[in-house]
Amino acid sequence: MKPKQKVIALIVLSCIYGFVFNPWSSFPFTFIIIIISILIYTYIEDKSLKQIGLNPNTSILNTLKTAIVYTIITIVLIDFIIQPGINKLVNKPVDYSSFEVLKNNYSLYIKYVMYVIISAAIGEEILFRGFVFRQLNIVLNKLKYKTEIITIISALLFSLPHFYQGSTGLIITFIFGVLFAIIYVKSNYNLWTSIITHGIIDVIFLTLAYYDKLDYYTFINDKLIGY
C-alpha cells in the first residue's frame, strides 16, 4: 500500500468522523449525511459495498439468527456482569437523565426508535465498524495485530460522542464498541449482524425508558452489591 493511499484514507476517515461533532446538523440528520457520504465514497472507490460489510455472503435468515445470539450474549455480559462492576468501581451509574422525556410519551418514543434505527444501528455501525475498519485496514496494512488495534480504535471513536452520559457511560460505550467490533469480525465482516444486534439493544433501552424502567440498569447494584 502506497503512503499516499494511507494518508488519503486517514484524512477521509478524520473528516467523516469529525462531522459527528459538527454544530450545523442535528440528530438524526448528522448520521444520514454520514451514511450517504460513506456509501458514495466506498462505492466510488471499491465499486461495491463489500469492504464496509454491506454485501455479505450469507442469507438474511442466518444473519438474523446470528444477531439474536450475539444480542443475548451482549445483554448478559453488559447488564449483569460488566455494567454492575463498573458502577461499583466508579461509584456512579450511567447518566440516562436525557432520556427521561420518553417516559409515557408514545409519539416521542416511536420517533426515537426510528431515529435510533437510522442513526445508531445503521449509521454508527456503518461509520464505527464498517468504515473505520475499511480505512484503518488501508492505513495499518500489514501491521501485526492489526485487527485488535482497529477494534480498540473503533471502540474509542465510538465512545467519545457519548460523553453526555458521564464517565461511566463512556466506559460502558467503549466496551459496547469493543463487543460490536468483535461481532463484526466474528461474523466474517457481515455488518448487518452488528447492525441488527445494535438496533435490538437500543430499542430495548428506549422501551425501558418509555416505561420508566431504566433503574433496570442499576438493579444488580441496588439488590446485590451496591454502588
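Compute, for the chain, the length of the dipole vector about the Cα centre, with Cβ point charges of +1 (Lys, Arg) and -1 (Asp, Glu) only. Units Debye, rounded to 20.
Taking the Cα centre of the chain as origin, the dipole is about 860 debye.
Given the options Ile204, Ile110, Leu191, identify the residue whose Cα lies farthest towards the positive end of the charge dipole of the chain (+1 on Cβ of Lys, Arg; -1 on Cβ of Asp, Glu).
So the residue furthest toward the plus end is Leu191.
For the chain, what does the helix formula give at 222 nm: sum of -39500 (n - 2.57) over DSSP H segments with n ≥ 4, over the residue count, nearest 500 deg cm²/dmol?
Helices in the chain give a 222 nm mean residue ellipticity of -19500 deg cm²/dmol.
Checking the table Lys65/Lys111; Lys65/Lys146; Lys92/Lys146; Lys92/Lys213; Lys65/Lys142 against a 23 Å threshold on Cα-Cα, which pairs fail?
Over 23 Å apart, Cα to Cα: Lys65/Lys111; Lys65/Lys146; Lys92/Lys146; Lys65/Lys142.
Under 16 Å from the Cα of Lys186, which aspartates and glutamates turn up, not counting those fewer than eight places away in the same chain?
Once the sequence-local aspartates and glutamates are set aside, what remains near Lys186 is Glu125, Glu148.
Rg and Dmax of the range 109-187 over Cα atoms: what are they, in angstrom?
In order Rg, Dmax, the Cα atoms of the range 109-187 give 13.4, 45 Å.
By average Cβ neighbour count within 10 Å, what is the ranking of 26-32, 178-184, 99-105 from highest down?
Most protected by this proxy first, the peptides run 178-184, 26-32, 99-105.
Looking at the chain, do any whole DSSP H helices span at least 27 angstrom along their long axis by alpha carbon and average -0.5 or above on Kyte-Doolittle, and which?
Helix filter hits for the chain: 166-186, 191-210.
Summing Lys, Arg as +1 and Asp, Glu as -1, what charge do residues with Cβ under 14 Å from the Cβ of Leu156 carry, Leu156 excluded?
Within the 14 Å Cβ shell, the charges total -1.
What does the highest-first list of 56-62, 127-133 look like by mean Cβ count within 10 Å?
127-133, 56-62
What are the aspartates and glutamates whose alpha-carbon lies under 14 Å from the alpha-carbon of Lys144, with same-chain residues fewer than 8 places away excluded?
none
Expressed in nm to one decimal, what extension gain is obtained for the pair Phe99 and Ile32 from 0.36 nm per residue of sequence separation less their Cα-Cα distance?
Residue separation times 0.36 nm, minus the Cα-Cα distance, leaves 22.0 nm.
Any read-out appearing in this document is the output of simple, stated calculations on the displayed coordinates, not a laboratory observation. A quick note: this is a predicted structure, and the numbers were derived from the prediction, not measured. Every residue, glycine as well, gets a Cβ built from its backbone with ideal geometry; the counts of neighbours run over all protein chains shown.
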